[in-house]
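Visitor: One structure coming up, written as structure tokens, with questions to follow.
The values are calculated or read from the model by the stated rules, or taken from the named source; none is laboratory data. Since this is a predicted model, take the numbers as computed values, not measurements. Positions of Cβ are generated from backbone atoms using ideal geometry, with glycine treated the same way; all protein chains shown enter the neighbour counts.
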Amino acid sequence: MLRKLLLTLLAAGFVTQTSSAWAVTAEVAKKCQALMSAKFPQRLPSNPAAGSAQGTAIERQNYFKKCVANGGQPPEDDRQKSAK
């Protein structure tokens, strides 16, 4: 009896952990990609391999991650709100 109860509680714990994970939607990813492209334009528009005209790859990745974490809002909004 006690063993069944413990197994049930353990299974319930795993279910709640996996259901609380937040997946990035395609809409948010596309919006963040567009914002990132505007913030860090390509050096040559027809050649993505040429690199970015501004910023490094790490800065681009961090910008994208912050945008996704904000639900598709640009990260600068938070800095502007806190500065006011």
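Visitor: Name the residue that is modelled with the lowest pLDDT, counting only residues in segment 27-58 that are surrounded by fewer than 10 Cβ atoms within 10 Å (Cβ to Cβ) and among the hydrophobic types (A, V, I, L, M, F, W, C).
Guide: Going through the qualifying residues, I end up with Ala49.
Visitor: Among what's in segment 1-26 and is within 12 Å of the chain's Cα centre (by Cα) and loosely packed, with under 10 Cβ neighbours inside 10 Å, pick the residue that is modelled with the lowest pLDDT.
Guide: Restricting attention to segment 1-26, the residues satisfying the condition of being within 12 Å of the chain's Cα centre (by Cα) are 22-26.
Adding the requirement that they be loosely packed, with under 10 Cβ neighbours inside 10 Å leaves 22-23, 26.
Details: Trp22: 66, Ala23: 79, Ala26: 92.
Checking each candidate, the answer is Trp22.
Visitor: Let me ask something else. Tell me which residues, restricted to segment 43-72, are within 25 Å of Ala26 (Cβ to Cβ), hydrophobic (A, V, I, L, M, F, W, C) and without any contact (Cβ under 8 Å) to a residue 40 or more places away in the chain.
Guide: Scanning segment 43-72 gives Ala49, Ala57, Ile58, Phe64, Cys67, Ala69.
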